[in-house]
1. Starting from the Cα of Q57, step 7 Å along the direction of its Cβ; do the same at N80; then give the gap between the two resulting points in nm.
2. Run the simple label-point estimate for R120 and Q355 please: 7 Å along Cα→C-beta, distance reported in nm.
3. Quick check: residue separation of A264 and E243 times 0.36 nm, minus the Cα distance between them. What number comes out in nm?
4. What whole number of Å gives the distance from the Cα centroid of the range 265-281 to the Cα centroid of the range 292-334?
5. How do the peptides 233-240, 94-101 rank, highest first, by the average count of neighbouring beta carbon atoms within 10 Å per residue?
6. Please give me the summed charge of the neighbours of G294: other residues whose Cβ is under 11 Å from its Cβ, Lys and Arg +1, Asp and Glu -1.
Amino acid sequence: VLTLDTMNPAIRRVEYAVRGPIVTRALELEQELRKGVPKPFTEVIKANIGDAHAMGQKPITFLRQVTALCLCPELLTDPNFPSDAKERARRLLAACGGQSAGGSYSASPGIPLVREDVARYIQRRDGLPAKADDIFLSTGASDAIVVRGQRDSGHPPGDSGRGATPRPFPRRLVTKGPLCRSWRWPRDGQCPRGRWHWGGGVSLVSPRLRGDRVPVSPCPLSVSSGQVQSRECIEDVIKFAYEEKLFLMADEVYQDNIYAKGSAFHAFKKVLMEMGPPYSEAVELASFHSISKGFMGECGLRGGYVEVVNMDPEVKAQLSKLVSVRLCPPVPGQMVLDIVVDPPKPGEPSYERFQAVRRSVGLIGINPDPYGVGGMSPESPQHPVGSYPHFSDLISIPNSQEKNQAPDMFFCMRLLEETGICVVPGSGFGQREGTFHFR
């Protein structure tokens, strides 16, 4: 009954660059190494996705202490745990059904206490009011973006939606359907007020959008945090969303990872509100954060949130309904999120250690061409997340054509086979034709 021909066609069109054939081969190589198969390397290094702990980062002690105490309350009598970790665990357990962190569902939008703490965090960060009612906790930012994208996915005017192609819109997924369009911004492009790092600007996108848009309403505009954007360029994105009547989705999971000189994090919400009317009253925004990134790197615990701004109350009620279908986000992830947004304070037993470990998570220098490939352009990452070196040419192009692979895919596969380093080809991210990158 269920075949490739009868299944949802939108699923067949989904591509996810950071987990694909290269990662499948990396897992096979790991199994071969365990079995003693000789290789020119001793381990597989997975640099395909932002997984800090898999690359050797150690967990933040306080996060794990509170999580352990919540999952095993018997440890609350253990003298090896600091008093502030115990106080935090008791506070969180009191907010859980049956005081059970792992055995009870939470409210579908998340534990009310945690949502209130997230609202206070956003208010401290931006200096603007934030309400717990506008915050939905999630299974990481990716899950929140999927849910938001499903709610926002539009259909052609006049169409009831029946028979329209479903349009999943999660972060970094490319949907090759008739109702979704993407635009590549040249590396050397200029935004109206100056350079927009890693890409072009709104002035380049706008004409393409207006000339190549399928009549879909509403249409979300997803902005990923692959690079640090200037305040001026964020303003241009907001103006663009206002002019084109786009729902703005801001992926801000790397807000704690900005180290480059002269760079700073600017929250989309803060910029939007400071721009004033008509933008602050009309542009609808959803901003996302996660415990998987930042200084935490807690990818496996799965926790995050989305804050919605200027959303129609009736639409927000529908979002609440959609969220309730998923029952609730993982409760341990919610607890770690609570610690992230409300960390140890000065004078508390865990404060100094927590701050010392947090400061130790910094930017590592990158050799853009460690294997002497040649023709490789260095990237200057502004945070330790993803760098996209590009090649002026690839000597492997003829071989890649023989294997029916994109040249950068061929290079990445060879790199994996010969060095054990797993990276992602730029062709998985929609790079400009004739250019070659890896992430």
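The numbers here are math on the coordinates, done by the rules we state, and not lab data. Please read all numbers here as calculations on a predicted model, not as lab measurements. Please note: Cβ atoms are built from the backbone with ideal geometry, for glycine as well, and neighbour counts cover all protein chains shown.
1. Result: 2.6 nm between the two label points.
2. Here the answer is 1.9 nm between the modelled labels.
3. Working: separation 21, 0.36 × 21 = 7.56 nm, distance 2.64 nm.
Length gained, A264 through E243: 4.9 nm.
4. The distance from the Cα centre of the range 292-334 to that of the range 265-281 comes to 22 Å.
5. 233-240, 94-101
6. Summing Lys and Arg as +1 and Asp and Glu as -1 gives -1.
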